[in-house]
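First up is the structure itself, then whatever we jot down about it.
A short reminder: the numbers here are calculations on the coordinates, not readings from a lab. Predicted, not measured: the structure shown is a model, and the values here were computed from it. Cβ: placed from backbone, ideal geometry, glycine included. Neighbour counts: every protein chain shown.
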């Protein structure tokens, strides 16, 4: 085991495995791409948190909740998998979507997929749902259901979309 001078192993932060999740979405305009993204986060209900982007695994047995049930701490480090896109082309469409694959066996992990594109929402949602199907096939795992959420935005000047699966704790 590697030693770190002056630091006890017990002092290292070990992240607890989340046992709940929710799907959120937001879209907005802003004077810059970053402002548009920030406004989309606010619209989705996660704008006053620090996003910690995670890879795409749903912990076994995690239960779906609403964002309001989480009572996320302002400034807190929030794990989530997300899709986002922005554009400065007026009249163009941008879309972001996430999908969660729930396994038949509740002791197995699920899969989260994210996708964004300069296109209509129905096309983006179709792709992200197929990504879940493919991920379960690769894992040779039975898929019980797919839950998904997405958002489309017609750009006025500088727009952004954001869709996420927030992982949290009950």
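How high is the relative contact order of region 19-168? Use alpha-carbon pairs under 8 Å, at least six apart in sequence, and give a whole percent.
Reported as a whole number, the value is 36 percent.
Using the 10 angstrom Cβ neighbour count as an exposure proxy, how do 129, 33 rank, fewest first?
In increasing order of surrounding Cβ atoms, one gets 33, 129.
May I ask what percent, to the nearest 5, of DSSP beta bridges between residues of the chain are antiparallel?
Roughly 85 percent of the beta bridges in the chain run antiparallel, per DSSP.
Ordered by packing density, taken as the mean number of other Cβ atoms within 10 Å over each peptide's residues, highest first, how do 130-138, 71-79 rank?
Ranking the peptides 130-138, 71-79 by packing returns 130-138, 71-79.
Between [x] 43, 34, 29; [y] 63, 39, 23; [z] 55, 42, 32, which entry matches Cα extents along the principal axes in Å as derived from the coordinates of this structure?
Looking at Cα extents along the principal axes in Å for this model, the match is [z].
Order these peptides, 20-27, 116-123, 93-100, 148-155, by their mean beta-carbon neighbour count within 10 angstrom, highest first.
93-100, 20-27, 148-155, 116-123
I need the Kirkwood Rh of region 55-107: take the reciprocal of the average 1/r across all distinct C-alpha pairs and report it in angstrom.
About 14.6 Å for region 55-107.
Going by Cα centres, region 22-100 and region 103-170 are how many Å apart?
One Cα centre to the other: 13 Å.
Pick from 65, 53, 139 the residue whose mean-square fluctuation is largest in a GNM of the chain, springs joining Cα atoms under 10 Å.
Highest fluctuation among the options: 139.
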